[in-house]
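J.: Structure provided below as structure tokens; questions to follow.
Just so it is clear, none of the values below were taken in a lab; they were calculated from the coordinates. Just so it is clear, the structure is predicted and the values come from calculations on it, not from any experiment. Positions of Cβ are backbone-derived with ideal geometry, glycine not excepted, and every protein chain shown enters the neighbour counts.
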Amino acid sequence: MKYKHAVRFTILCLFLLFIGLYITQALGYYEFTNAKKTTLTNSAIERFENDVKNGKKLDAKNYVEEEKHYNNMLSNASLTLSNAIETTFNTLMNTIFNELAKATN
């Protein structure tokens, strides 16, 4: 009986993960973040062009937007856990599909 609950829980978790990723993709979060970076780049280009027209001294550091780094112990541990889950999931899926392929041949 506990086996059925574990399988249902796992399937439910995978389904909810899929729904979350699907909604994120459908809402265009990734495209939004890329568009935001492009906007920052365009504003840096405009500042550069204005500085060239005005004859100001040019320095690349004034036009490059530095990315913020949010690295801490928790984020590093989360990244490690995420990578471990990814590796396990890929191995599991490959094994399942290889076994299904063997069974159908």
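J.: Computed over the Cα atoms of the chain, what is the convex hull's projected area averaged over all directions, in nm²?
T.: Spelled out: convex hull of the Cα atoms, projected over all directions, averaged, 12.2 nm².
J.: So which lysines pass the test for Lys61, namely a Cα distance under 30 Å, with those fewer than 8 places away in the same chain ruled out?
T.: The reachable lysines, counting only those whose Cα sits under 30 Å from Lys61, are Lys36, Lys37, Lys53.
J.: Something else about it: Taking the Cα centre of the chain as origin, sum charge times position over the Cβ atoms of Lys and Arg (+1) and Asp and Glu (-1), and report the length of that vector in debye to the nearest 20.
T.: 320 debye
J.: Convert each backbone phi in segment 2-10 into a coupling constant with the Karplus relation 6.51 cos²θ - 1.76 cosθ + 1.60 (shift: θ = phi - 60°), then list the ³J(HN,Hα) values in order as whole Hz, x for Gly and Pro.
T.: 3J(HN,Hα) across segment 2-10, in whole Hz: 5, 4, 5, 5, 5, 5, 4, 4, 4.
J.: Here's something else I'd like to know. Can you return the lysines within cross-link range of Lys4? Criterion is Cα-Cα under 27 Å, with same-chain partners fewer than 8 residues away left out.
T.: Filter leaves Lys102.
J.: Run through segment 30-105 and list the chymotrypsin sites (Phe, Trp or Tyr not before Pro) located in a DSSP loop whose Cβ has at most 16 other Cβ atoms within 10 Å.
T.: Tyr63, Tyr70
J.: Contour minus end-to-end for Lys56 and Thr10, with contour as 0.36 nm per residue of separation and end-to-end as the Cα-Cα distance?
T.: Taking 0.36 nm per residue and subtracting the Cα distance, the gain is 10.5 nm.
J.: Let me ask something else about it. How large is the helix-only mean residue ellipticity at 222 nm for the chain, computed as the sum of -39500 (n - 2.57) over DSSP H runs with n ≥ 4, divided by its residue count, in deg cm²/dmol to the nearest 500?
T.: Helices in the chain give a 222 nm mean residue ellipticity of -28500 deg cm²/dmol.
J.: Among Thr41, Thr33, Thr80, determine the one that fluctuates most according to a GNM of the chain built with springs between C-alpha atoms less than 10 Å apart.
T.: Of Thr41, Thr33, Thr80, the most mobile in the Gaussian network model is Thr80.
J.: Okay, moving on. Quote to one decimal, in nm, the extra length available between Ala26 and Ala77 on full extension: 0.36 nm per residue of separation minus the C-alpha distance between them.
T.: Value of the extension gain: 15.5 nm.
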